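Inspection log for the structure reproduced underneath, given as structure tokens.
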Amino acid sequence: MIEQEELSNTTIKKRASSKVMRLKRMGSFHQSRLSFMRVLLRRLKRENWHFDRPTFDINKKGVGVATYRAIGPKRTYTLVAFAHDLPAELRSDRVIAEAWDATFTLFDGTPTQVDIDRLSQNVPLQEAGRISEKEICLSRANRSVRLFEYVTECLSKGEQPDISEIEKVGYLMRTTAVYGSAKFGACDRNNWAQREEFSGSFQPELLSVWLIRTFAIDMVEHMAKVRDDKNAVRLSPDIRRRFGVGNSTGLGMAPFLINHPALIHAWINARETAIATVRGIKKADRNEIDQFKSLIARASLNANTWHTDHAYQQKKIECLRKDFIKVTNILENNILEQPYPWNGLINWCEENLGFEGQEQVASLILEPYGERIDDLALQMCVDESNSFRIQGKQHVKSLRQDLSNLYDWAKAIDFNNKKANARVWYVSEEKLEPRLGERHEEPIEPYEQPLAPGRDVKLLMHDLENWSDDEVVAAFLMKHPEHRHIVRRVQLVSDKQYAEIQDNTISSKMLPIDLLRCKLSFFGATKFDPRSDRWVRITMYQGAPFPDELATLDPDDLAYPPLSIS
Amino acid sequence: MDWGMAEEAGFAVEWLEARNLAGTKAMADYLSIASLTSDFKYDSCPLKLGCMVSDLNDWNHANKAEIFQPLLLLPFVAALADKQPILLSWDNSQVCVLKDVVYTSSTNTHTGFDKERLFKIRISTEALNEKPLEFKRRVNKDAETHVKTLTQLAHKTYAPATEASRLAGAGAGLNDND
């Protein structure tokens, strides 16, 4: 009996929200087994989805249409891709651009020619067009001009491109927006949210991106063949896998994290539960230790090929590279041979590494334990309508207690201080996109969006001061309808420890790229490359299998670069 | 309108339209006169009354109230119709709701849209011998003008662009040729 007890795992508490939900740490999150791209590919593989390309009607100028089907056990989805000949002066990263190298939609089923004709009149226009309930996503991409040209040239001469040239960029095309849920006439999320294959978060969008990756490869191989039909070769599989899909993401994504507290809790809670589960494992076996050591080496290669010109991220990457050396050294000291090895390692990391390193290791310890933690991905979605209604019978005393428990972090912030109150989140009339402005320098305060929970909670607390404990919230809100939004939020987050970012989202020091990084890490993005404090380029699916190799390769094993070809 | 109330308004329109009821028309018409009712603070406001009903989980105090656009109250009353039907009526109109499903007929809901008229409503726990309305996924074509009105109102929350904000606010680069 004693022996059995000694072998048992223990329960380690999840990390405290006061530790996790800080922007500096969230801005250092890394992809993990629970990232949505990996969840998607695991499902497609497990369910034996197959893939084909019914149409590839692209001319010598690289203009035309191609379709890519993903055929599952119950349903089929088709990426309809339109390729365009784009003059350089029209190529823009910004979401507000009006022309692109390629435009896409994810069609629900197999499109007929009539569907494709209809889509050809609308998808290339993006926001200015109109799609229908048969379409689930709308997106577009631009070529990475230099790399696309380089690879075309290499292939046309019968040569494979150089890995180091590929790694400088990481992708042939980058998307500048992937729209879902009812945007521009597309199908409403409610109409597909119950489909098993889309359980989790952002699965149709990420299916689109994965198929776009194949289209980008097909395009470069096609253009190489156009250049020299006789000598052109295709990319070899190992080299081909080094191409991901790029993405430029700006402020549009940042308010999402604040606007969907229940969902953010579900994401972070799943990852924290996974981390705590692995930390509770009493003993790591030899295979698990070897796998982890190999992953540390592979992830450090990833850090070595991670390029950015942004000083903030450069510093973090330098720190991460040093952290990898420290971790490699401590692993030589047999830290994983001790009882509760992963707990010991995480504790050591907290004392010795920066946030980048800590979060990288936290993601990596999950890798050997897919069987124990992968099902947590099923919890990473939420029906937000369930928590919409305000519980008006709650007593003021109870609301006050919730405020005190949940928003202790906000107490220290003095929102009368100009720097603490420096920013305004608003939506621009011109482009209907979220923007961040300077409260004390621009006339934008009247348009402020409710994206500063810390400040709003303090205003609420102030107005609650004169209310007695036994009055109800409904009565308070009748008198103070201006607090209806924040009261709904407080009630919603009261039982969700990771729902609220515990930092000032309107401070002069706030970096939107921290918000973007957090969200994109849950997507599964890598190679975060901030281009300013408010937009970032990333790479998606780098290393992942292509549709024609999913059946034979393990997508989880490919999430970090192989040691051999670098 | 405060953000919290705007969220309720959005919820109400979506709830009604999903059940084939003229939510966009009722809301567009109501908001066009809402300034007359001083920013949703009077008891004649269907949204304010709706919030009270929903918050307190009790419709009794709303019974016999006089409100504009009574249809807008239905989504809030519906929150209380989990176990027993609730019948909302005004003039010659009657709408019953049970477990999120609405029972009525078009002849039963044709009144109530008179923009500047207050309607005395009655609420009870009776059922209505009508077929359930089918759920639908899209707003009807004939609602487009009302959608346009609501969109125009939404635009009041968007900040007009300045040259500085165009460059600084989003922060993205202008060129993508690398």
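Counting only helices (runs of 4 or more DSSP H) wholly contained in segment A:215-331, the ones carrying 1 or more residues that are farther than 30 Å from A:S17 by Cα and at pLDDT 95 or above occupy A:237-240, A:286-304. Selection within segment A:131-150: residues that are among the hydroxyl-bearing types (S, T, Y) and more than 25 Å from the chain's Cα centre (by Cα). The member of this set that is nearest to the other protein chains (Cβ to nearest Cβ) is A:S132.
Out of the residues in segment A:115-130 that are of a type outside the set (A, V, I, L, M) and under 28 Å from the mean Cα position of the chain (by Cα), state the one that is surrounded by the fewest Cβ atoms within 10 Å (Cβ to Cβ).
Narrowing segment A:115-130 to residues of a type outside the set (A, V, I, L, M): A:115, A:117-118, A:120-122, A:124, A:126-127, A:129-130.
Now drop any that are not under 28 Å from the mean Cα position of the chain (by Cα), which leaves A:122, A:124, A:126-127, A:129-130.
Working: A:N122: 20, A:P124: 19, A:Q126: 24, A:E127: 17, A:G129: 16, A:R130: 14.
Out of the qualifying residues, it is A:R130.
The set of residues in segment A:154-191 being assigned to a helix (DSSP H, G or I), within 12 Å of chain B (Cβ to nearest Cβ) and within 20 Å of the chain's Cα centre (by Cα) consists of A:V169, A:R189.
List pairs: first residue in segment A:307-323 and surrounded by 14 or more Cβ atoms within 10 Å (Cβ to Cβ), second residue of a type in the set (A, V, I, L, M, F, W, C) anywhere in the structure, Cβ distance under 6 angstrom, at least six positions apart or on different chains. Short answer, once both residue conditions are applied: A:I317/A:W306; A:L320/A:A303; A:R321/A:A303; A:D323/A:L353. Scanning segment A:43-91 for residues that are within 14 Å of chain B (Cβ to nearest Cβ) and without any contact (Cβ under 8 Å) to a residue 40 or more places away in the chain turns up A:P87, A:E89, A:L90.
Here A:Q360 meets the list (1) surrounded by fewer than 21 Cβ atoms within 10 Å (Cβ to Cβ); (2) under 23 Å from A:K519 (Cα atoms); (3) more than 14 Å from chain B (Cβ to nearest Cβ); (4) in contact with a helix residue (DSSP H, G or I) (Cβ under 9 Å, 6 or more places away or on another chain) almost entirely, failing just condition (1).
Summed over segment A:243-258, the residues that are over 11 Å from the mean Cα position of the chain (by Cα), within 11 Å of chain B (Cβ to nearest Cβ) and not small (G, A, S) give a count of 1. The single condition among (1) surrounded by 21 or more Cβ atoms within 10 Å (Cβ to Cβ); (2) out of contact with any helix residue (DSSP H, G or I) (no Cβ under 7 Å at 6 or more places or on another chain); (3) without any contact (Cβ under 8 Å) to a residue 60 or more places away in the chain that A:L147 does not satisfy is (2). Screening the candidates A:D533, A:D548, A:D529, A:D557 for the property of being in a loop (DSSP other than H, G, I, E, B), among the acidic types (D, E) and not assigned by TED's automatic domain parsing to the domain that holds A:Q203 yields one hit, A:D533.
Identify, please: which residue in segment A:491-523 is aliphatic (A, V, I, L, M) and outside any helix (DSSP H, G or I) and is, among those, surrounded by the fewest Cβ atoms within 10 Å (Cβ to Cβ)? Restricting to residues being aliphatic (A, V, I, L, M) and outside any helix (DSSP H, G or I), the top hit is A:L511.
Let me confirm something: among A:S404, A:S428, which residue is farther than 16 Å from A:H485 by Cα, among the polar types (S, T, N, Q) and surrounded by 19 or more Cβ atoms within 10 Å (Cβ to Cβ)?
Values: A:S404 fails: surrounded by 19 or more Cβ atoms within 10 Å (Cβ to Cβ).
Selected residue: A:S428, the only one of A:S404, A:S428 that is farther than 16 Å from A:H485 by Cα, among the polar types (S, T, N, Q) and surrounded by 19 or more Cβ atoms within 10 Å (Cβ to Cβ).
Go through segment B:1-35 and count every residue that is outside any helix (DSSP H, G or I) and not hydrophobic (A, V, I, L, M, F, W, C). Lay out the reasoning, then the answer.
Going residue by residue through segment B:1-35, those that are outside any helix (DSSP H, G or I) are B:1-2, B:19-22.
After this cut, where a residue has to be not hydrophobic (A, V, I, L, M, F, W, C) as well, the list is B:2, B:19-20.
Total satisfying the criteria: 3.
It is to be established whether one or more residues within segment A:94-113 are under 28 Å from the mean Cα position of the chain (by Cα), free of Cβ contacts under 8 Å to residues at least 40 places away in the same chain, within 14 Å of chain B (Cβ to nearest Cβ) and not in a strand (DSSP E or B). Scanning segment A:94-113 turns up at least one residue that is under 28 Å from the mean Cα position of the chain (by Cα), free of Cβ contacts under 8 Å to residues at least 40 places away in the same chain, within 14 Å of chain B (Cβ to nearest Cβ) and not in a strand (DSSP E or B). For segment B:68-82, indicate whether the set of residues that are among the small types (G, A, S) and modelled with pLDDT under 90 is non-empty. Within segment B:68-82 (the criterion being among the small types (G, A, S) and modelled with pLDDT under 90), the answer is no, since none of the residues qualifies.
The values are calculated or read from the model by the stated rules, or taken from the named source; none is laboratory data. On a predicted model such as this, the values are computed, not experimentally measured, just so you know. Neighbour counts are summed over all protein chains in view; Cβ atoms, including those assigned to glycine, are modelled from backbone coordinates with ideal geometry.
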